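Visitor: Okay, here's the structure, questions in a sec.
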Amino acid sequence: MRWVSMAGMLSALAFALAMIFSNTGLAPWYAGIRLPMLGVSYGDVTLGRPALVWINLALMSAVLFAVALECTRGVIEEELDGPDRLRLPVFGALGGMLAAGAVHALLSGAQGGLEPWWVASLGTDAALGLAVLSLLGERVPGALKSLFATMAMFSLIGSSVVLVGVQGGLPSWPVLAIGGTCVAVFVLLRLAGVESVSPYLLTGAVLWAAAAGEGSLAVLAGPLTALCIPGRSREANPSPLLGLEQDLLPTVCCVALPLLVFASAGFSPVEAPAGFATAREALPAFLGMFPAKAAGIFGMCWAGTRLRLCALPAGIGWKEFGGVALLGGAGFTVNVFLGLALAGHDGPAVNGIRMAAMAATALSVSCGYAILRYALARRRNKVIQRA
């Protein structure tokens with residue numbers, strides 16, 4: 001929790017630096033990462049892309065790898081076991097994604113058809129949300145932090161899977177052959193009881209390199225690799241998965257995530273399309289993140305509890321959960337990545353999504369913080385009165 005909270009604060013600093021770089025004399029240097037680079041081609045697979053695309057693809061893959069490690073460890077150690085620890089965050093992530101997609105379907109249908117930009121409002125920024133929760137101090141119950149973090153992890157993985165599905169198309173035969181071989185190697189490593197993480201990481205790196213030519217498909221190499229790494233040791237040795245997670249988490253939180261924000265966030269507001277609030281891409285993205293996503297998270301979880309399919313953690317009320325649901329709309333980093341992946345390059349549409357994501361994230365964070373502060377203060381006063 002502390003590492004991810006620190007990542008949220010560093011990401012806010014990286015966003016400020018990106019805006020300074022892109023709106024001062026450093027703008028030409030900053031814009032260099034968005035220029036095409038020399039690449040390598042093999043048949044229909046081309047690896048020549050702007051540096052920004054490679055940065056986003058590599059760093060988001062690292063983030064997803066760390067997230068999948070955390071999810072796998074939580075399931076193995078039974079931290080995500082039971083109705084209040086697994087099904088509730090799954091319901092929340094699913095409800096937020098469905099609500100955001102519904103807003104896009106309604107607005108885009110009225111404008112002439114559903115565009116793939118609806119994917120750009122599905123993600124949730126776990127680091128930023130936990131940074132907000134950390135500002136409230138020890139008043140925030142640990143169960144509430146765990147609930148939000150788990151929900152954000154499922155949302156991140158789910159939005160990445162949807163992104164790959166929306167981009168569509170089967171990979172080329174060479175990529176399918178290499179991917180199938182890597183999966184077979186994973187299976188053999190597990191059957192042989194190999195506990196060293198190096199063979200898994202090497203196989204995952206080969207899988208990522210092969211899928212990189214297919215666009216965003218490469219980001220799924222990280223979660224697949226994480227799922228194959230052994231979570232328990234046969235002897236009294238430490239867990240290979242836990243050791244890798246502890247080694248990787250500081251680098252991902254303090255280096256990869258802030259760099260991802262710095263590379264993706266910077267742009268000049270004058271570059272955004274005029275009247276972005278009514279733009280075809282920006283308005284659905286904004287409304288999908290705020291307030292639709294919070295409504296979807298809250299509504300799906302409320303319905304799940306009424307049907308007794310899930311339950312709120314002990315000591316957590318609906319007011320506190322409502323604040324967490326609002327924080328679910330904060331997804332600047334993830335959603336800009338999704339927008340860039342859909343666009344394939346930087347352009348007016350992505351700038352409109354940046355503006356929408358920035359506004360929606362600011363509102364989600366402000367409203368979520370205010371409601372949580374009120375709810376937690378009221379809860380504390382009741383405890384003091386009872387004492």
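Visitor: Tell me, which residue of the range 65-79 that is over 28 Å from Gly322 (Cβ atoms) and part of a helix (DSSP H, G or I) is modelled with the lowest pLDDT?
Guide: By that ranking, first place goes to Ile76.
Visitor: Let me ask you something else. Looking only at the range 48-64, count every residue that is among the small types (Gly, Ala, Ser), modelled with pLDDT of 70 or more and under 17 Å from Ala211 (Cβ atoms) and tell me the total. If you could, list the steps in order and put the result at the bottom.
Guide: Filtering the range 48-64 down to residues among the small types (Gly, Ala, Ser) leaves 48, 51, 58, 61-62.
If we keep only those that are modelled with pLDDT of 70 or more as well, we get 51, 58, 61-62.
Filter once more, so that each one left must be under 17 Å from Ala211 (Cβ atoms): 58, 61-62.
Of the residues in the range 48-64, 3 are among the small types (Gly, Ala, Ser), modelled with pLDDT of 70 or more and under 17 Å from Ala211 (Cβ atoms).
Visitor: Moving on to the next point. Can you give me the number of residues within the range 180-194 that are under 10 Å from Ile229 (Cα atoms) and surrounded by 18 or more Cβ atoms within 10 Å (Cβ to Cβ)?
Guide: Taking the range 180-194 as the starting set, the residues that turn out to be under 10 Å from Ile229 (Cα atoms) are 186, 189-190, 194.
Narrowing further to those that are surrounded by 18 or more Cβ atoms within 10 Å (Cβ to Cβ): 186, 189.
Going through the range 180-194 one residue at a time, the tally reaches 2.
Visitor: Right, next: State whether one or more residues within the range 210-218 are surrounded by fewer than 23 Cβ atoms within 10 Å (Cβ to Cβ), more than 21 Å from the chain's Cα centre (by Cα) and either among the acidic types (Asp, Glu) or on the phi > 0 side of the Ramachandran plot (or both).
Guide: no
Visitor: Arg190 fails exactly one of the following numbered conditions: (1) without any contact (Cβ under 8 Å) to a residue 60 or more places away in the chain; (2) within 25 Å of Val252 (Cα to Cα); (3) among the basic types (Lys, Arg). What is the number of that condition?
Guide: Of everything listed in (1) without any contact (Cβ under 8 Å) to a residue 60 or more places away in the chain; (2) within 25 Å of Val252 (Cα to Cα); (3) among the basic types (Lys, Arg), Arg190 misses just condition (2).
Visitor: For the range 7-16, does any single residue satisfy the condition of being over 19 Å from the mean Cα position of the chain (by Cα) and at pLDDT below 80? It would help to see each step written out before you state the result.
Guide: Taking the range 7-16 as the starting set, the residues that turn out to be over 19 Å from the mean Cα position of the chain (by Cα) are 16.
Restricting the remaining residues to those that are at pLDDT below 80 gives none.
Within the range 7-16, none of the residues are over 19 Å from the mean Cα position of the chain (by Cα) and at pLDDT below 80.
Visitor: May I ask you to list the residues in the range 270-300 that are small (Gly, Ala, Ser) and at pLDDT below 80?
Guide: Step one: of the range 270-300, the residues small (Gly, Ala, Ser) are 272, 274-275, 277, 279, 282, 285, 288, 292, 294-296, 299.
Of everything in the range 270-300, those that are small (Gly, Ala, Ser) and at pLDDT below 80 turn out to be Ala272, Ala274, Gly275, Ala277, Ala279, Ala282.
Visitor: For residues that are at pLDDT 80 or above and among the β-branched types (Val, Ile, Thr), scanning just the range 17-47, find the one that is nearest to Leu64 (Cα to Cα).
Guide: Going through the qualifying residues, I end up with Ile20.
Visitor: I need a count of the residues in the range 175-203 that are of a type in the set (Gly, Ala, Ser), under 16 Å from Pro240 (Cβ atoms) and assigned to a helix (DSSP H, G or I).
Guide: Initial filter on the range 175-203 (of a type in the set (Gly, Ala, Ser)): 177, 179-180, 184, 192-193, 196, 198.
Next, from what is left, pick out any that are under 16 Å from Pro240 (Cβ atoms): 192-193, 196, 198.
Now restrict to residues that are assigned to a helix (DSSP H, G or I): 198.
Qualifying residue count for the region: 1.
Visitor: Mind telling me which of the residues Gly339, Gly288, Gly323, Gly329 ends up being in contact (Cβ under 8 Å) with a residue 24 or more places away in the chain and not in a helix (DSSP H, G or I)?
Guide: When all the criteria are applied, what remains is Gly329.
The values are calculated or read from the model by the stated rules, or taken from the named source; none is laboratory data. These figures come from a predicted structure and were not determined experimentally. Backbone-built Cβ (ideal geometry, glycine too); neighbour counts: all protein chains shown.
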